[in-house]
Amino acid sequence: MTGRLVLAGTPIGDVSDASARLGRVLAAADVVAAEDTRRLRRLTSELGIAVGGRVVSYFEGNERERTPELLQALVDGLTVVVVTDAGMPSVSDPGYRLVAAAIEAEVHVTAVPGPSAVLTALALSGLPVDRFTFEGFLPRKPGERGRRLGELAEEPRTMVFFEAPHRITASLEAMAEAFGADRRTAVCRELTKTYEEVKRGPLDELVTWSKDGVRGEITIVVAGADPDKIVTGEDLAREVAKDEEAGTHRKQAIADVAKRFNVPKRTVYDAVLAARDPGK
């Protein structure tokens, strides 16, 4: 008989958000795989519980190598509990590989629900919550980050991102370029902690605000695109053609249209090429 894999959600800030069930599961586990064993010790100390089983580290750097070991423990009939620094394992944190392997091995997988930075930020943002998409962390390199955001420019659902404090301004600037400076956004920091703050406003205002320095754990919530304002490639190509007919050189027309509709010049250039050769 196989064991059981438990994904245990942990507090994202206020330790009193931990459920009584979380304490029971940690105390009874045969193995606890923790993203940071020091944080686990601090959490269990604050909860007043002791982990009776073996504690092992399970983080991004060793997730691939440690997964087979944990899977074997599950196959051998043990209960393995996975915890990360905050929130639910596998959501931008270690856990997915083990879940996939456990399901493949027909091991029972369950969860202890807990606080979520994604849902908490979404609820506090004041933006539409009926449909949303979680995009995790953006690429660190500017070019890759810009391309990713460009792909999301016409996304109609509310978008939720995680970001590091030292990249917050660069990311907000890239969002303003991709989505428009007036796109409604909320930057949520230190959720459920003493210095919790939610800053709401258009992207250009938040860029200015962020330049004074933003500390702590950050979640960004961005409104989806207004369907009535979405500009298609055909629209961009027609605008360039109009400018050219008025005497503007194509290169300048592409630049002008990109600025007018707040889209990357490459997007306009590609739209013009597609209009000239629909087969490509």
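The values are calculated or read from the model by the stated rules, or taken from the named source; none is laboratory data. These figures come from a predicted structure and were not determined experimentally. Side chains included, ligands, DNA and RNA excluded: accessible areas come from the protein's heavy atoms. Shrake-Rupley method; radii C 1.70, N 1.55, O 1.52, S 1.80 Å.
Please determine whether any residue of region 134-151 is open to solvent by less than 60 Å² (accessible area, probe 1.4 Å) and in a strand (DSSP E or B). Yes, region 134-151 contains at least one residue that is open to solvent by less than 60 Å² (accessible area, probe 1.4 Å) and in a strand (DSSP E or B).
Would you confirm whether any residue within region 75-84 is open to solvent by 50 Å² or more (accessible area, probe 1.4 Å) and assigned to a loop (DSSP other than H, G, I, E, B)? Can you show your working first?
Of all residues in region 75-84, those open to solvent by 50 Å² or more (accessible area, probe 1.4 Å) come to 75-76, 78.
Filter again for assigned to a loop (DSSP other than H, G, I, E, B), leaving 76, 78.
Yes.
Can you find even one residue in region 48-62 that is open to solvent by 60 Å² or more (accessible area, probe 1.4 Å), within 22 Å of THR194 (Cα to Cα) and not acidic (Asp, Glu)? Yes, the conditions are met somewhere in region 48-62. Among all positions in region 246-259, there is at least one residue which is charged (D, E, K, R) and either in the same structural domain as PRO165 (by the TED database) or at pLDDT below 90 (or both).
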